[in-house]
Amino acid sequence: MTHPTANPISLPLDARPQTLALDAGLSIHPVTRSIQPDISMSVNHMVRPGEGAFSAAGLGDIAEEPYTYARWLNPTVRALEQRMAALEGAEDALASATGVAAIAAVFLSFLKAGDHLVISDVTYAGAAELARSILPDFGIEVTAVNLSRPEELRAALRPNTRLVHCESPCNPILRLTDLAEIAQIAHAAGALVSVDSTLATPVSTRPLALGVDLVVHSLTKFINGHGDALGGITCGRRDLIARMRGRAGVYLGAALSASNAWLILRGIDTLFPRMRQINETAARLAVALEAHPAVERVIWPGLASHPQHALAQRQMEFAGGVIAFRTKDPQAMARQLAAKMRVAHYAFSLGHQRSIVTLLDTEEMIGGTYHLTGAALEDYRRFAGAGVFRLSVGLEAAEDLIADLDQALSA
Ligand SMILES: Cc1ncc(COP(=O)(O)O)c(C=O)c1O
């Protein structure tokens, strides 16, 4: 799967993911023999007359295609695609400008008017709003169910269900989905399964090995890990990724920039040690928060108190770097934390080197994004109460973070 013009380094066939994180997709420059990946900023490339295609319909096997124009394929972006494919155990991958562009690319590539999508009723807000507010305008039927309950998927499936989209752990309540079971049920009904694995990262979970068809990541988060580049990716079977590249990759136009691909490749170099460190700190923080008098509940898949702890142990090698916790009067606590925290930052987003806390207010999430009612609303409230603080753990010393949150949470 390496481009014919590249001079790939030859990795042992049994190289472990931590090694692939450094070397997959890396090729040695034929002239300079530089070891660090080079960045190719060129939008276009010299072609021989007749080489390349003007229409995506003419796009052949990507491994054989010459580089022509960067929206189709760029060498630095391709190196990132190869590295992410290797980390997910995928045949191929398609990079996108953002995580949301990757999710949109999945929807645009595998759904058309008259098709039915089943999506988890709690996902990253952008995915929920795209699926539930915009896809129906294009004649796509959408049903949102709690995919942590496989019986809800069974009940939602229709003859025209083409795709089941889940997120595990889901943002912001860290509810898990049993990916192997969902894949089995969806496949029996002839539907594909995509999962947003942004919060898990490939360090923790390998969804394709569990039977999922497409794995989506916001590379903006832990995978780049430094809060300085937006990016997204979808990994999967060669034929599925080829369909995506020929449709959404070319026509959605949300191509990843070479400079962001280069930054993200550099971020991935340290993904494994970063995630190990973050996970270790998260484990200590989760325990400290559970013992804090101002904290009513902590949700972290690594805690025995997580309602799906057994599934977490089966499906996740690490419980991840995001912790959700609840306090009394969350709005007042949000103001208090923003004013008092000196190590962690009150800000949006997650997965960066610095710890970040933000409040996801339940009324706002339900009214603006999820539109849950009945049992689904009750279930959300069981996790989130009036609002849930999302703590994205960074690389600061665990002791400093624990002391900072202790003082910031205390009146
Ligand atoms: C789970 C998840 N998926 C996707 C996204 C969207 O990523 P991006 O901001 O790169 O579009 C986010 C952003 O917060 C997220 O948390």
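Bear in mind that the values in this text are calculations on the coordinates, not laboratory data. Predicted model only: the values in this text are computed from it and were never measured. In this analysis, Cβ positions are derived from the backbone assuming ideal geometry, glycine residues included, and neighbour counts consider all displayed protein chains.
Numbers below:
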quantity	calculated
Theoretical FRET efficiency, 1/(1+(r/R0)^6), r = Cβ-Cβ of LEU11 and GLU181, R0 25 Å, to 0.05	0.15
Gyration tensor (alpha-carbon) shape descriptor, the range 340-411, a/c threshold 1.5	prolate
Scaled radius of gyration (Cα, divided by 2.2 N^0.38 Å) that the range 18-153 gives	1.34
Value of relative contact order over the chain, rounded to a whole percent, pairs C-alpha under 8 Å and six or more apart	16
Neighbour-count order for LEU111, LEU179, fewest beta carbons within 10 angstrom listed first	LEU111, LEU179
The range 206-277 - percent relative contact order, Cα under 8 Å, separation 6 or more	35
Residue among ALA53, ALA183, ALA312 farthest towards the positive dipole end of the chain, charges placed on Cβ	ALA53
Degrees, to the nearest 10: 258-269 long Cα axis against longest axis of the chain	60
Contour minus Cα-Cα distance for ILE28 and ARG243 (0.36 nm per residue)	74.4 nm
Angstrom value of the Kirkwood radius, inverse mean 1/r, which spans all Cα pairs in the range 271-409	15.4
Estimated D of the chain in µm² per second, where Rh is the Kirkwood radius over Cα pairs and Stokes-Einstein applies at 25 °C, 0.890 mPa s	112
Cα point-scatterer Debye curve for the range 218-276, base-10 log of I(q)/I(0) at q = 0.13, 0.21, 0.26 Å⁻¹	-0.39, -0.84, -1.02
Segment ASN160-ALA188, extension gain: residue separation times 0.36 nm, minus the distance between their alpha carbons	8.8 nm
Fully extended contour minus Cα-Cα distance, from ALA310 to ASN44, at 0.36 nm per residue	90.7 nm
Ranked packing of 269-276, 98-105, 397-404, most packed first, by mean Cβ within 10 Å	98-105, 269-276, 397-404
Bridge type composition, the range 152-217 - antiparallel percent by DSSP, nearest 5	0
Sequence of PHE325, PHE348 once ranked by neighbouring C-beta atoms within 10 Å, starting from the fewest	PHE348, PHE325
Least to most buried among THR369, THR123 (fewest other Cβ within 10 Å first)	THR369, THR123
Percent antiparallel among DSSP beta bridges (both partners in the chain, rounded to 5)	60
Label-point gap, in nm, between SER55 and GLU364 - each point 7 angstrom along Cα→Cβ	4.8
Overall form of the range 147-220 per C-alpha gyration tensor (a/c, 1.5; a/b vs b/c)	prolate
Sparse-neighbour loop sites [trypsin sites (Lys or Arg not before Pro); the range 89-179; at most 16 other C-beta within 10 Å; DSSP]	LYS112
Translational D in µm²/s for the range 1-88 (Stokes-Einstein at 25 °C, 0.890 mPa s, Kirkwood Rh from C-alpha pairs)	174
Rough spin-label spacing in nm, given labels placed 7 Å along Cα→Cβ, for GLU399 and ALA291	1.5
Nearest-ten-degree value, helix 75-88 long axis tilted from longest Cα axis of the chain	50
Separation in nanometres of the label points that stand 7 Å from Cα toward Cβ, at GLN277 and GLN18	1.4
Angle between the chain longest axis and helix 330-340 axis [Cα atoms, degrees, rounded to 10]	80
Dipole magnitude (debye, nearest 20) for the range 271-409, charges at Cβ of Lys, Arg, Asp, Glu	120
